[in-house]
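For reference, the structure is listed below as structure tokens.
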Amino acid sequence: MANAFCSRFGVSQPIVLAPMGRVAPPELVAAVSNAGGLGLAPLLTDAPDRMRAQIRRIRALTDKPFGVNLNMDFRDDAQLDVCLEEGVEVISIFWGDPQDFTRRAKSQGAKVIITVGTSAGARRAAALGADAICAQGWEAGGHVEGKVSTMALVPAVVDAVGDVPVIAAGGIADGRGLAAAMALGASAAWIGTRFLAAAEAQTHPVYLERLLAASEDDTAHYDDLYDLVWPNAPHRALKNSTSDLWEAAGRPPLGERPGEGDVLATRPDGVEIPRYASAVAFAGLKGQIEPLPMWAGQGVGLVTKSRPAKEIVREIVDQARRIIDF
């Protein structure tokens, strides 16, 4: 299914692995790239030395293109330095002002993908020289900057940016979603929730069980629920006992919430995770997992089984091809 996006980024399939913090290890990033898609590594929480090691691990597992995602709310010039020193081919930029990082990355020969939530944001990204634009709809899991649905956003962004390839994100979990995105003018699909159930993902078993049992109505969009660590960052996650507790109390702000101060889980490095933290339920956590954020998009109802990433890519592409050929 090669197209303008595939040609520009050196991949054979129009699938991008959404950069999912702590649950998308090098093995998952490399597996998606080896299957013909574009793997994006979520390394924004890593110190430069660990980031360098992770990039080298991915490179040891694949000779295909891959990228690294950086978040401008946690901008760190040293992280970009590492990416450029290591010859990372693609820099994905999320949230905040991408101007200086885009300029630096492109000056060193890297390609840049900028995530936006509006057509106005897409025009700004195109003016900065973005090589592709991820149009993230409101249905997406995890942190979501915009308020517009994927169906309305993608064609608006396509019309706004001319020849710049557009990647559709939000609620896409199978080949029907990929085919629909391409019908709207997108050149690829940005997929996260489906890959949470990949065999290579480091999704905690409790989180995975909830994902596989969920329907399209089991997520909710919150402006400020899981806002410890990362405030003012709207997000979508599965409903759980923490969201129920907060809703029952009338959605109070931090400082007035039930269960504040509760330590729910502990990471392998000993760091404690309190209730309402913007954390990730990844494999290796000990403690109460169900009350933690379980990021998921509205396409979660289509995620019903775990399988290797290469099979997920093949299944999505084959289904989309049958629809488009028809």
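The values are calculated or read from the model by the stated rules, or taken from the named source; none is laboratory data. Just so you know, these numbers come straight off a predicted model, no measurement behind them. Methodologically, a virtual Cβ is constructed for each residue, glycine included, from the backbone with ideal geometry; neighbour enumeration extends over all protein chains shown.
Assess whether S187 counts as being surrounded by fewer than 19 Cβ atoms within 10 Å (Cβ to Cβ) and among the hydroxyl-bearing types (S, T, Y). Taking the combined requirement at face value, the residue does not satisfy it. Among the conditions (1) out of contact with any strand residue (DSSP E or B) (no Cβ under 9 Å at 6 or more places or on another chain); (2) more than 15 Å from G297 (Cα to Cα); (3) crowded, with 24+ Cβ neighbours inside 10 Å, D163 misses just one, which is (3).
Residue-by-condition table, conditions (1) in the same structural domain as G21 (by TED's automatic domain parsing); (2) within 27 Å of R52 (Cα to Cα); (3) at pLDDT 95 or above:
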site	(1), (2), (3)
G96	yes, yes, no
A110	yes, yes, yes
A126	yes, no, yes
A135	yes, no, yes
V164	yes, no, yes
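A residue that is of a type in the set (S, T, N, Q), buried (at least 19 other Cβ atoms within 10 Å of the Cβ) and in contact (Cβ under 8 Å) with a residue 12 or more places away in the chain can be found somewhere in the stretch 102-113. Looking only at the stretch 188-228, which residues are among the small types (G, A, S) and without any contact (Cβ under 8 Å) to a residue 12 or more places away in the chain? Correct list: A213 only. Taking E85 as the residue in question, decide whether it is buried (at least 16 other Cβ atoms within 10 Å of the Cβ) and more than 14 Å from the chain's Cα centre (by Cα). It is false that E85 is buried (at least 16 other Cβ atoms within 10 Å of the Cβ) and more than 14 Å from the chain's Cα centre (by Cα).
Confirm whether R56 is of a type outside the set (S, T, Y), surrounded by fewer than 20 Cβ atoms within 10 Å (Cβ to Cβ) and farther than 30 Å from A179 by Cβ. Yes, satisfied.
Conditions tested, residue by residue: (1) aromatic (F, W, Y); (2) within 22 Å of D73 (Cα to Cα); (3) modelled with pLDDT under 95; (4) in a loop (DSSP other than H, G, I, E, B).
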residue: A140; (1), (2), (3), (4): no, yes, no, yes
residue: G146; (1), (2), (3), (4): no, yes, yes, yes
residue: V158; (1), (2), (3), (4): no, no, no, no
residue: A173; (1), (2), (3), (4): no, no, no, yes
residue: A180; (1), (2), (3), (4): no, no, no, no
residue: A189; (1), (2), (3), (4): no, no, no, no
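Among the residues making up the stretch 234-255, a single one is more than 20 Å from E290 (Cβ to Cβ), of a type in the set (G, A, S) and either modelled with pLDDT of 95 or more or not in a loop (DSSP other than H, G, I, E, B) (or both): G250. Of the residues P234, P268, the single one that is surrounded by fewer than 17 Cβ atoms within 10 Å (Cβ to Cβ) and not polar (S, T, N, Q) is P268. Look at the stretch 36-64: where a residue is at positive phi and a partner is of a type in the set (S, T, Y), sitting 6+ places away or on another chain with Cβ atoms under 7 Å, you get G36/S12. Which of the residues belonging to the stretch 207-216 are part of a helix (DSSP H, G or I) and buried (at least 16 other Cβ atoms within 10 Å of the Cβ)? Scanning the stretch 207-216 gives Y207, L208, R210, L211.
One line per residue, one yes/no per condition, for (1) of a type outside the set (G, A, S); (2) within 29 Å of K147 (Cα to Cα); (3) surrounded by fewer than 21 Cβ atoms within 10 Å (Cβ to Cβ):
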position	(1), (2), (3)
F282	yes, yes, no
E290	yes, yes, yes
G301	no, yes, yes
R307	yes, no, yes
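Checking A110, A132, A127, A140 one by one, the residue that is farther than 26 Å from Y222 by Cβ and either under 18 Å from the mean Cα position of the chain (by Cα) or of a type in the set (F, W, Y) (or both) is A132 and no other. Residues in the stretch 274-324 that are among the acidic types (D, E) and in a helix (DSSP H, G or I): E311, E315, D318.
For the stretch 86-101, the set of residues classified as of a type in the set (D, E) and touching a residue at least 24 places away in the same chain (Cβ under 8 Å) consists of E86, E89, D97, listed by residue number.
Filtering the stretch 1-22 down to residues that are aliphatic (A, V, I, L, M) and surrounded by 23 or more Cβ atoms within 10 Å (Cβ to Cβ), which residue is farthest from D325 (Cα to Cα)? In this case the residue turns out to be M20.
Among the residues making up the stretch 193-227, those that are of a type in the set (D, E) and either over 17 Å from I312 (Cβ atoms) or touching a strand residue (DSSP E or B) at 6+ places or on another chain (Cβ under 7 Å) (or both) are E209, E216, D217, D218, D223, D224, D227. Tell me which of these T219 doesn't satisfy, since it passes every other one: (1) surrounded by 20 or more Cβ atoms within 10 Å (Cβ to Cβ); (2) under 17 Å from L292 (Cβ atoms); (3) in contact with a Pro (Cβ under 8 Å, 6 or more places away or on another chain). All conditions are met except number (3).
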